[in-house]
1. Using +1 at the Cβ of each Lys and Arg and -1 at the Cβ of each Asp and Glu in the chain, identify which of T56, H144, I86 lies farthest towards the dipole's positive end.
2. Counting Lys and Arg as +1 and Asp and Glu as -1, what is the net charge of the other residues whose Cβ lies under 12 Å from the Cβ of P150?
3. At q = 0.18, 0.23 Å⁻¹, work out log10 I(q)/I(0) for region 21-80 with the Debye formula, treating every Cα as an identical point scatterer and leaving solvent out; two decimals please.
4. Cα gyration tensor of region 1-116, axes a ≥ b ≥ c as square roots of the eigenvalues: rounded (a/c below 1.5), prolate (a/b > b/c) or oblate?
5. Please report the net charge: other residues with Cβ closer than 9 Å to the Cβ of S162, K and R +1, D and E -1.
6. Over all directions, what mean area does the Cα convex hull of the chain project, stated in square nanometres?
7. Which of I35, L3, T118 sits farthest toward the positive end of the charge dipole of region 1-121, with +1 on the Cβ of Lys and Arg and -1 on the Cβ of Asp and Glu?
8. Using a probe of 1.4 angstrom, how much of the accessible area of the chain is carbon and sulfur, in percent?
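The values are calculated or read from the model by the stated rules, or taken from the named source; none is laboratory data. Note that this is a predicted model, so its numbers are computed, not measured. Here the Cβ positions follow ideal geometry from the backbone for every residue, glycine too, while neighbour counts run over all protein chains shown. These accessible areas exclude ligands, DNA and RNA; they are computed on the full protein's heavy atoms, side chains included. Shrake-Rupley method; radii C 1.70, N 1.55, O 1.52, S 1.80 Å.
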Amino acid sequence: MQLPQIRIESQLAILGIRTKNATQEIKQPHADVQIRQPKAELSIETKNGQLTIDQTKAWEDMKLYSPLRSIEVFAQEGKQAWLEGIARRAQEGNQLMKIENGGDAIADIAYQKVKPETLNYNIGWIPSHFSVRIHYEPGNVEIHAQPREPEINVIPQKPIISYTPGDVSYQLVQQPDLKIEFVNLMPTRIGFETTI
């Protein structure tokens, strides 16, 4: 005995999908930047050096005096000569006062007055060493600098954004199908077709 058979044929549905990608564009304009640098304030103060040369001692070594100094020197020399003259006359008076003791006091006094002066010669420097006095005060430089901060102005620019959304579309490319057949081995065949 032969049993009937069932034959089933199916066809799957085919679904087509189309996608369109989204696009996004971003542009960032440059910021507007302005920078201004003020000049620094600079002040320079200088004090000149001072050089002092004193030649007074050198001139005095050569017997060249200033008017006031010459008055002082000659007054001192005159006073010294006056004191020496008083002392000499006092000594001569003492010699004459003791003339009775013997000796030749008058001749000795006369000889002292006419005796040639002994001159001493020696090597020397005129003017003397280090008679010129030099004094120097160095100068000075003071520099004052006051810096200025830069002035910076920034105007930012907003970004430019453009966006295009994407899209998805669906499409049924192939319909699903199901066929069922009943097959009987007998000459008689019964069958039906079903479409889903």
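1. About the Cα centre, the residue reaching furthest to the positive side is H144.
2. Numbers: positive: R36, K39, R148; negative: E149, E151.
Local net charge: +1.
3. Each listed q maps to, in turn, -0.88, -1.04.
4. Details: a/c = 14.43, a/b = 6.48, b/c = 2.23.
Prolate, because a/c is 1.5 or more and a/b exceeds b/c.
5. Within the 9 Å Cβ shell, the charges total 0.
6. Numbers: hull surface 168.4 nm².
Seen from a random direction, the Cα hull of the chain projects 42.1 nm² on average.
7. The one lying farthest along the dipole's positive direction is L3.
8. Numbers: 10260 of 18210 Å².
Ligands and nucleic acids excluded, carbon and sulfur give 56 percent.
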